[in-house]
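**Q** Here you go, one structure.
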Amino acid sequence: RALRLACPLRQDAPAVAEHIAASLRAIGLEVVTRRVSSYGPRPGPTGAPEPDLFLVGWSSSTGDVALGYYALARTPGKEAEESLSGYSNPQVDRLLAEAAAAPSQPARLRLLREVAAALAGEVALVPLYRVLDLYAYTPGLEFSPRTDRRLRAQDMRWTEPPPGARLP
């Protein structure tokens, strides 16, 4: 039977899903893609089969990898009702809880690396790509993009006025 690859309706996801499907077809696997209105492996309409593969995207306002792990790799339940994947591993849950309470950044980083190793061992999550943001540029404008992708006027400043402008 064909593998079912679900992708959200987000603007870039259908094209990414088709690229993945084409790569899998090239090695002899039959793949059908299906657009879904929700993230994760949830089947969608009643009676629809669960996908074998699914695309999911998220962003983090802090750039902290733990937020992605919370969204994708925690066992659904009281603390992770909105888990996007349905994945469950008590060891990963324990490591994430320990990382959240770690007394230092090095200890937290060590625990999060253990989470990454556990996930890699089970192939529960395969990061494919990161969408790059495009920003306009003009000479004389100083700006550094923020981790949370927000554009705030107070984060920009003119180092020289644009032609015809008068700065206070």
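**Q** Work out, step by step, the length gained on full extension between Ala116 and Leu3: first 0.36 nm times the residue separation, then minus their alpha carbon distance; give nm to one decimal.
**A** Extra length from Ala116 to Leu3 when fully extended: 38.1 nm.
**Q** Heavy-atom accessible area of Glu98 with all protein chains present, probe 1.4 Å, nearest 10 Å²?
**A** Near enough 80 Å² of accessible area.
**Q** Calculate the spin-label point distance for Tyr135 paired with Arg34, positioning each point 7 Å from the Cα along the beta-carbon direction, and give it in nanometres.
**A** 4.1 nm
**Q** Sort Ser144, Ser104 from largest to smallest accessible area, using a 1.4 Å probe on the heavy atoms of the protein chains.
**A** Ser144, Ser104
The values are calculated or read from the model by the stated rules, or taken from the named source; none is laboratory data. Note that this is a predicted model, so its numbers are computed, not measured. Quick reminder, even Gly has a Cβ in these numbers, built from the backbone with ideal geometry, and neighbours come from all protein chains shown. The accessibility values were calculated without ligands, DNA or RNA, using every heavy atom of the protein model including side chains. Shrake-Rupley method; radii C 1.70, N 1.55, O 1.52, S 1.80 Å.
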